[in-house]
Amino acid sequence: MPSIVLNLTNAPVEPEGGGPDSSGPLFQGNGDIDYICGNCGFVIVSGFSANQHVIVDTAKCPACGATNEFPPELRA
């Protein structure tokens with residue numbers, strides 16, 4: 001699966017843990033592209049295809065708390 005690193009809009013103020021926690025991705029699709037946190041590498045969007053989109057511009061990483069910006073082509 002190809003992985004795309006998301007751009008950070010806000011890094012976490014202080015570390016919130018030692019890496020990805022046990023929760024899964026915020027969004028899951030049926031393709032082969034993963035979008036990962038630009039700070040810690042946690043998979044925020046898993047398995048999207050080119051025709052799938054998210055309805056938000058940014059998402060807070062559940063593992064580290066960094067705010068990641070989705071690229072325009074991923075936004076609905």
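Which count do you get for residues in segment 22-65 that are among the small types (Gly, Ala, Ser), on the phi < 0 side of the Ramachandran plot and modelled with pLDDT under 95?
The number of residues fulfilling the criteria is 5.
Search segment 67-76 for residues being part of a loop (DSSP other than H, G, I, E, B) and touching a residue at least 60 places away in the same chain (Cβ under 8 Å), and hand back the single one that is surrounded by the most Cβ atoms within 10 Å (Cβ to Cβ).
70
Yes/no matrix, rows are residues, columns are (1) more than 15 Å from residue 13 (Cα to Cα); (2) touching a Phe, Trp or Tyr at 6+ places or on another chain (Cβ under 8 Å); (3) of a type in the set (Val, Ile, Thr); (4) in contact (Cβ under 8 Å) with a residue 60 or more places away in the chain:
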| position | (1), (2), (3), (4) |
| --- | --- |
| 27 | yes, yes, no, no |
| 35 | yes, yes, no, no |
| 39 | no, no, no, no |
| 42 | yes, no, no, no |
| 47 | yes, no, no, no |
| 50 | yes, no, no, no |
| 54 | yes, yes, yes, no |
| 62 | no, yes, no, no |
| 65 | no, no, no, no |
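Counting just the residues of segment 1-20 that are in a loop (DSSP other than H, G, I, E, B) and within 11 Å of residue 43 (Cα to Cα), which one comes out modelled with the lowest pLDDT?
Once the filter is applied, the top-ranked residue is 20.
Which residues, counting only those in segment 36-64, are outside any loop (DSSP other than H, G, I, E, B) and within 13 Å of residue 24 (Cα to Cα)?
Within segment 36-64, 36, 43, 44, 45, 46, 47 qualify.
The values are calculated or read from the model by the stated rules, or taken from the named source; none is laboratory data. Treat the numbers as computed from the prediction; the structure is a model and nothing was measured. Note that we place each Cβ from the backbone using ideal geometry, even for glycine, and neighbour counts take in every protein chain shown.
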